[in-house]
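Enquirer: Mind looking over this structure? Questions follow.
Every read-out reported here was derived from the displayed coordinates using simple, explicitly stated rules and does not represent laboratory data. This is a predicted model, so every value here is computed, not measured. In this analysis, Cβ positions are derived from the backbone assuming ideal geometry, glycine residues included, and neighbour counts consider all displayed protein chains.
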């Protein structure tokens, strides 16, 4: 059933901190229009990603489940298989054509609160790096006391037979390492602490 008074929501990309305003128009059915100068990632069936600048194009997104239990995401009539890797309250981790996405669904009020908490975390002298996905630590590339800059690879985490480089997102000094090679970690487990410089 279509909702005549759609609920306003915000999809918050946990990795890039990008916000996408959505409207919930029916159960599991969303609609959004990119803002001017906002790029939309178009997921191709081959698994490749392309950025498009379709200003004012409306995107209708619907999630459904097939009879055999698979989750599908339909975007403007094109369906993509989706694997839900994790779902914790309002946070989701999806795998679409082999590409991982981590995001949370927020109300306008909860988004304001999240921004406030993120601002407070940025002011903290210590940044805690947590596992974005569950997996196994393949290699730790830093030691306590090492100086790193934003973009440096700190460790390699293997999940679903794919190796993922975990990068520093600030410049600083490695304060403490909580994992070692071979450790299994869950999503949001503490990996490394970095002291800001």
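Enquirer: Set the Förster distance to 22 Å, then compute FRET efficiency between residue 180 and residue 152 from the Cβ-Cβ distance, nearest 0.05. Walk me through the numbers before you get to the answer.
Expert: Numbers: r = 19 Å, r/R0 = 0.85.
Efficiency at R0 = 22 Å is approximately 0.70.
Enquirer: Report, to the nearest 10°, how far helix 108-123 tilts away from the longest principal axis of the Cα atoms in the chain, using its own Cα long axis and a range of 0 to 90°.
Expert: Rounded to the nearest ten degrees, it is 20.
Enquirer: Ranked highest first by average number of other Cβ atoms within 10 Å, how do 153-159, 179-185 line up?
Expert: On the way: 153-159: 18.9, 179-185: 13.4.
In decreasing order of mean packing, 153-159, 179-185 become 153-159, 179-185.
Enquirer: Please give, to one decimal in nm, the separation of the simple spin-label points placed at residue 169 and residue 79, each 7 Å out from Cα toward the Cβ.
Expert: Those two pseudo-labels are separated by 3.5 nm.
Enquirer: Sticking with this one: When the scattering of the chain is computed by the Debye formula from its Cα atoms alone, each counted once and equally, what is log10 I(q)/I(0) at q = 0.12, 0.15, 0.16 Å⁻¹?
Expert: -0.73, -1.07, -1.18
Enquirer: Show me 130-140, 16-26 ranked by packing, highest mean number of other Cβ atoms within 10 Å first.
Expert: Going from most to least packed, we get 130-140, 16-26.
Enquirer: Determine the gain in length on full extension of the stretch residue 16-residue 89; use 0.36 nm per residue of separation and subtract their C-alpha separation, reporting nm with one decimal. Don't jump to the answer; show the numbers that get you there.
Expert: Numbers: separation 73, 0.36 × 73 = 26.28 nm, distance 2.00 nm.
Stretched out fully, the residue 16 to residue 89 stretch lengthens by 24.3 nm.
Enquirer: Between residue 160 and residue 109, what is the label-point separation in nm under the 7 Å Cα-to-beta-carbon projection?
Expert: About 3.4 nm separates the two model spin labels.
Enquirer: Compute the length gained on full extension between residue 8 and residue 197: take 0.36 nm times their separation in residues and subtract their Cα-Cα distance, giving the result in nm to one decimal. Write out the running numbers ahead of the final one.
Expert: Details: separation 189, 0.36 × 189 = 68.04 nm, distance 3.90 nm.
That works out to 64.1 nm of additional length.
Enquirer: Give me the distance between the Cα centres of the stretch 181-197 and the stretch 60-133, rounded to whole Å.
Expert: Centre-to-centre distance over Cα atoms comes out at 20 Å.
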